[in-house]
Amino acid sequence: MNIAHLLEQAGHLAGRQAVGRPRPIDLRRAVSAAYYAVFHTLTEAGAARLHTDATTRHLLSRTFDHRTMKDAARQFANKSGKLWLFAVATFGSVPQELVRVAELFIKLQEARHQANYDRRTASNFSRAVCQLRVTDARNLIRAWEAVRGTPQAQFFLLALLLKDLGRFAD
């Protein structure tokens, strides 16, 4: 997946240089593309961390689940829960950039869900709001690049894949 192309598409659809009112479908697609840029950034990093073979990495990246990722990210964003406690106890303090990754991931996933599935509020997206979501995606990727090599970030990638958080670290 080409992350840069998804971000470029999101920016274009959000109408950075467009004159006049953008079409609602383009605004919704901009939000979706921004989310998928960060989704693929994290799933590809997680798959690469777990395996080096390209075919296996592709298969691993397909096992990440949106809801599971959001549940794990919520624990990091809220600085609570078993995953957070385990990360702090095992690796020490969690970098603020990683907390920011989690916060922005949740915000983008919720916006994508609203844009793709909630027809009652999907028309509420303005060009400015969509441009903010594209900026959020870029900020998440920058924050991720700053922390990706830390043990806490590597654990975060694993946490994004864990389906049964209630059983973790029991």
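The values are calculated or read from the model by the stated rules, or taken from the named source; none is laboratory data. All figures in this text were calculated on a predicted structure; none of them were measured in a lab. Every residue, glycine as well, gets a Cβ built from its backbone with ideal geometry; the counts of neighbours run over all protein chains shown.
Annotations for the structure displayed:
- For region 66-91, taking the residues that are part of a loop (DSSP other than H, G, I, E, B) and of a type outside the set (K, R), the one that is surrounded by the most Cβ atoms within 10 Å (Cβ to Cβ) is identified as G81.
A quick yes/no check of all residues on (1) in a loop (DSSP other than H, G, I, E, B); (2) aromatic (F, W, Y); (3) more than 12 Å from the chain's Cα centre (by Cα):
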{"site": "V19", "(1), (2), (3)": "yes, no, yes"}
{"site": "I25", "(1), (2), (3)": "no, no, yes"}
{"site": "T41", "(1), (2), (3)": "no, no, no"}
{"site": "A48", "(1), (2), (3)": "no, no, yes"}
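- Figure legend. Inter-residue proximity from region 30-54: first residues closer than 17 Å to T68 by Cβ, second residues part of a helix (DSSP H, G or I) and among the basic types (K, R), beta-carbon distance below 8 Å, spacing 6+ or different chains. Indicated pairs: Y35/R112; Y35/R133; Y36/R112; E44/R57; A47/R57; L50/R57.
- Selected residue (only one of T52, T63, T56 is assigned to a helix (DSSP H, G or I) and either within 21 Å of N116 (Cβ to Cβ) or at pLDDT below 95 (or both)): T56
- Options A34, A30; residue that is touching a Leu at 6+ places or on another chain (Cβ under 9 Å) and closer than 21 Å to F156 by Cβ: A34
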